[in-house]
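The block underneath contains the structure these notes are about, expressed in structure tokens.
The values are calculated or read from the model by the stated rules, or taken from the named source; none is laboratory data. In this text the structure is predicted, and so the values were computed from the model without any measurement. So basically every Cβ, Gly included, is an ideal-geometry build from the backbone, and we count neighbours across all protein chains shown. The area values use the complete protein model at the heavy-atom level, side chains included, leaving out ligands, DNA and RNA. Shrake-Rupley method; radii C 1.70, N 1.55, O 1.52, S 1.80 Å.
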Amino acid sequence: MKAGRFNMKLEAKVIYFNGIVQGVGFRPFVFKLAEELDIKGWINNSSRGVTIHAEGDNLDLFYSRLIIETPPLAKILTARSIGAELKNYATFEIVESETEEEADVLISPDVATCGACLIDVADPKNRRYQYPFTNCTNCGPRYTIIRDVPYDRAQTTMSDFPMCKSCSDEYKNPRDRRFHAQPVACEGCGPKVHLLDAVGKQLPGIGMDQLIQGAIIAIKGLGGFHLVCDGRNTQAVRRLRTLKERGAKPFALMAQSVEKVRSEVVLGEREEELLRSAAAPIVVLERQSKRADSLPEEIAPGLHTLGVMLPYTPLHHLLFDGPFDFLVMTSANLSGRPLIYSNEEALEALQGIADYFLIHNRDIYHPCDDSVVQVIGDETVFFRRARGYVPVPILMSTIHVKTPLLGVGGELKNTFCLASGQRAFVSQYIGDMKGYENLQRFHQELESFQRVVNITPSAIVYDKHPNYQLTRYALEQPCPKHSVQHHHAHLVSVMGEWDRTEPTLGIICDGTGLGEDQCIWGFEVLYGNASGYVRKGHLEYLGLPGGDAGAKHPLRIAYAYAKTLLTDELWKGTESLWTTLTFNERQILDRQLETGVQIFRTSSAGRLFDAVSALLGVCLEVTYEGQAAIEMESVATRFIDQLHCNDLEYREGIPYPYEIREEDTEYILGVRPLFEALVQDLLQDVSPGEIAYRFHQTMAGAIVDLAIKVGVQSGPLVLSGGVFQNKLLTEAVLRNCKAKGIVVLRSQTLPPGDGGLAFGQLLIANEVL
């Protein structure tokens, strides 16, 4: 103890921090600050966060700097300081974690490799030179390896790797950036990678030579396996698409550097920030004009965009020591099945697809796909929220969840949500709930997620659709349960993100959701909040052949819509539009339309976009969800980009006609005039790009006109549903709203599609359970 300390006026306080304060360098930060300010006492991790016993003569300054200067990955949610008994400690120490029965601590998401660790990996004199599992308190795996809280090595899949003396010394040294970095390891004591051929024979290296020769390698990453090939090798890309039975679904790319990204796509400041962020998501970016040396079209057939991410583990960086600027890096899952994450399953399930396997022996406890985002209207919009963002909670200040609840989400792009008090935790993307394996993955993640977030639900919330797998699951549970209408959940999900409880108008545009009248809804004008809603308007009902299953055949939808909406004279002139439909198909469709058998009434925006896409010859067969609309957006965007026109009036397009009529208490968007004008343009050989562009601008105008008819005034207006992942449409809607002085609320941290559904379900049930 320093001389003169007894002459000072010492005081003692116990300080409690809750939030993301474990595994992010928080304790070393506190230790160093305590040394600087001559504070004595101790700090430890607990099941409730971090506890500090501090003694000194400047505790107020200590407390304020702890809050202001927190490490970059830390996030303090609650902080409190109370007086304590003076113990006259001689030093400040970091003491062992304490475990309490009631845990309340947040776990950090997985974090991309930091610059300091990359320097270590690249330095031939460093003992971690080229070590693919290098990490520190500022980076590396977190959520994907944790079994339980508190976040200590014994509670992670790194418990299988006892530290060597060198790693242990770093781990125990508060002045070292690897102090209490739970996954810390080196070549001598940590996980190892092994390259295997198709029959399991071990080979030297990490697969660079094989990738150069055009091979496909299954590579175990942070949250699961990727299937990887050279992004410049057209034959390898084609072979991967064929073997994986991928259809036309785009592949994700990993780029060597931001400079390489900029050579292929248009990269704005916001997009670059996302690419370089600790979360390192896939960012959807618009391609540069096509050149002879551009990346192969087969990476994203028919699209004007590429999904690109940067390397986020040391292993990824080591792969780019080879002569690659882009690698295809697509999730390793068989069509319609969940992400593969164990060595055993990969070696069995990916036989015949992967030529080689680059595996490692650090287990993944929580499989976690790459997150996917796009900047739309200057804001980040999630397509898929997973690695890098989960399990960070949504924090609510005016909403309080009274009883611990589980929202099971929807059938497509499933996520679930657990909430209690003023925190809601949305799971990582699970996938589509079709097939036994997907449902098993849901059960597996639900069980383990409860431990991580320390919420055991006492009631369950589900979608009203009776045929959803998770509806059946929910009904089997022996606890209180509540069903929620699909589009009501979309509305309330966005409101919940904005902490808004008063009734609000929303327009929800998506593919499908069972309506209260048993029709398929999907273009809904709703006014309400978590307590209830009123349907104020919708797209006119049209006959959908085959129901939801018919979405895979958009030309059949177009045929049914056109025959319903066009005048007899105009219909007779459309023969040339249906040449790809067989005589048999047309006969069946005609019979269905006459009798109404297997024709389902729908107001779906998604199906309207599908029908127009097929009419234009853009997409006649759907191999992934949303394909027809996504490809039509690309055709429209390429059309306007090629014009090089800055005339705002022209760029906003001459809208097609439509009607908004009042029926009883609802406003109906009628599209008969739109279809007639659009088909006439098509028959007069107007380019599909121009028609597609005008259609987008027309729908953007109709959305805002409907809102005004209903009485939105200055707003706010909620926009939600998967259709608002369409950048061209959404930005046109936002421009129209701005011109009319309407404030818009959109999803901030959740996808506008079904990935945000569970949060809304839960908030609605909170009002009644």
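Residue separation times 0.36 nm, minus the C-alpha to C-alpha distance between Leu37 and Ala154: what's the value?
Numbers: separation 117, 0.36 × 117 = 42.12 nm, distance 3.26 nm.
Length gained between Leu37 and Ala154: 38.9 nm.
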With label points set 7 Å from each Cα along the Cα-to-Cβ direction at Thr749 and His400, the distance between them in nm comes to 2.0
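Which of the trypsin sites (Lys or Arg not before Pro) across the stretch 276-354 are loop residues per DSSP, with 16 or fewer other Cβ within 10 Å?
Numbers: sites: Arg276, Arg287, Lys290, Arg291; in loops: Lys290, Arg291.
Listed in order of number, the matching sites are Lys290, Arg291.
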How large is ³J(HN,Hα), in whole Hz, for each residue of the stretch 613-630 in order, when computed from phi with the Karplus curve 6.51 cos²θ - 1.76 cosθ + 1.60 and θ = phi - 60°, using x for Gly and Pro?
4, 5, 4, 7, x, 6, 9, 9, 9, 9, 10, 8, 4, x, 4, 4, 5, 5
Compute the distance in nm between two label points, each set 7 Å from the Cα along the Cα-to-Cβ direction, one at Ser335 and one at Glu93.
6.3
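Restricting to DSSP loop positions (anything but H, G, I, E, B) with no more than 14 other Cβ atoms inside 10 Å of their own Cβ, which GluC sites (Glu not before Pro) remain in the stretch 468-559? Numbers along the way, then the final one.
On the way: sites: Glu476, Glu497, Glu516, Glu524, Glu540; in loops: Glu516, Glu540.
Counting only loop positions with at most 14 other Cβ atoms within 10 Å, the GluC sites (Glu not before Pro) in the stretch 468-559 are Glu516.
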Amide H contacts under 5 Å for Met329, restricted to residues at least 5 apart in sequence or on another chain and with H modeled in the peptide plane, are Ala252, Leu253, Met254
What is the Cα radius of gyration of the stretch 392-548 over 2.2 N^0.38 Å, N being its residue count?
1.05
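Percent of accessible area on the chain owned by carbon and sulfur, 1.4 Å probe?
Details: 14930 of 30020 Å².
That fraction is 50 percent.
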Suppose we keep just the DSSP beta bridges with both residues in the chain; what percent of those would be antiparallel, to 5?
75
With Cα atoms, 0 to 90° folded angle of helix 486-497 axis to the chain main axis:
40
Gly49's amide H: which non-local residues (gap 5+, or another chain) put their own amide H closer than 5 Å, with H modeled 1.01 Å from N in plane and none for Pro or chain starts?
Asp104
Work out Dmax and Rg for the stretch 41-191 from the C-alpha atoms and quote the Rg first, both in angstrom.
16.9, 51
Residues with amide H under 5 Å of Ala459's amide H, sequence separation 5 or more or different chain, H placed in the peptide plane at 1.01 Å from N; which?
Leu406
Would you check the accessible area of Arg238, probe 1.4 Å, heavy atoms only, in square angstrom rounded to 10?
120
For the stretch 19-92 and the stretch 210-246, write down the distance between their C-alpha centroids in whole Å.
47
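Tell me the relative contact order for the chain as a rounded percent, counting alpha carbon contacts under 8 Å between residues six or more apart.
Details: 1723 pairs, mean separation 88.8, N = 769.
With pairs under 8 Å counted, the relative contact order is 12 percent.
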Can you pull the accessible area of Lys172 for me, 1.4 Å probe, Å² to the nearest 10?
140
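Say R0 is 35 Å: what FRET efficiency, to the nearest 0.05, do Asp568 and Leu643 get from their beta-carbon distance?
Details: r = 36 Å, r/R0 = 1.04.
Calculated value: 0.45.
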If contacts are Cα pairs under 8 angstrom and at least 6 residues apart, what is the relative contact order of the stretch 464-562 in percent?
19
Can you report the principal axis dimensions of the stretch 563-647 using only the alpha carbons, biggest first, rounded to whole angstrom?
49, 31, 24
Taking the alpha-carbon centre of each part, the distance from the stretch 723-741 to the stretch 315-330 in Å is 37
Can you spot the lysines whose alpha carbon is less than 22 Å from Lys125's alpha carbon? Ignore those fewer than 8 places along the same chain.
Lys165, Lys192
What's the Cα-based Rg to Rh of the stretch 360-462, Rh via Kirkwood?
0.98
Quick one: what are the phi-derived ³J(HN,Hα) couplings along the stretch 268-277, Karplus 6.51/-1.76/1.60 with θ = phi - 60°, whole Hz, x for glycine and proline?
x, 4, 5, 5, 5, 4, 5, 4, 7, 5
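Taking a threshold of 19 Å on the Cα-Cα distance, which of the pairs Lys413/Lys434; Lys709/Lys740; Lys552/Lys727; Lys536/Lys709; Lys413/Lys464 fall above it?
Working: Lys413/Lys434 11 Å; Lys709/Lys740 13 Å; Lys552/Lys727 23 Å; Lys536/Lys709 10 Å; Lys413/Lys464 17 Å.
Pairs exceeding 19 Å: Lys552/Lys727.
How high is the relative contact order of the stretch 71-148? Use alpha-carbon pairs under 8 Å, at least six apart in sequence, and give a whole percent.
Details: 47 pairs, mean separation 23.0, N = 78.
Once divided by the residue count of the stretch 71-148, the mean separation gives 30 percent.
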Listed residues Asp517, Asp110 arranged by accessible area, highest first, probe 1.4 Å:
Asp517, Asp110
Per-residue HN-Hα couplings for the stretch 208-218, Karplus 6.51 cos²θ - 1.76 cosθ + 1.60 at θ = phi - 60°, whole Hz, x for Gly and Pro?
4, 4, 5, 5, 4, 7, x, 6, 9, 10, 8
If you average the alpha carbon positions of the stretch 451-507 and of the stretch 366-389, how far apart do those two centres end up, in angstrom?
21
Rounded to two decimals, the Rg over Rh value of the chain from Cα coordinates and the Kirkwood Rh reads 1.00
Cubic angstrom per residue, convex hull over Cα atoms of the stretch 185-317:
130
Using every alpha carbon pair in the stretch 156-245, what percent of pairs falls into each 10 Å bin from 0 up to the bin containing the largest distance?
14, 32, 25, 20, 9, 1
Among the GluC sites (Glu not before Pro) in the stretch 29-111, which ones are in a DSSP loop with at most 12 other Cβ atoms within 10 Å of the Cβ? Mind listing them?
Glu69, Glu85, Glu96, Glu100, Glu101, Glu102
Computed [θ] at 222 nm, helices only, for the chain once each DSSP H run of length n ≥ 4 contributes -39500 (n - 2.57):
-9000 deg cm²/dmol
Spin-label point model (7 Å from Cα, Cβ direction): what's the Glu666 to Gln422 distance in nm?
3.9
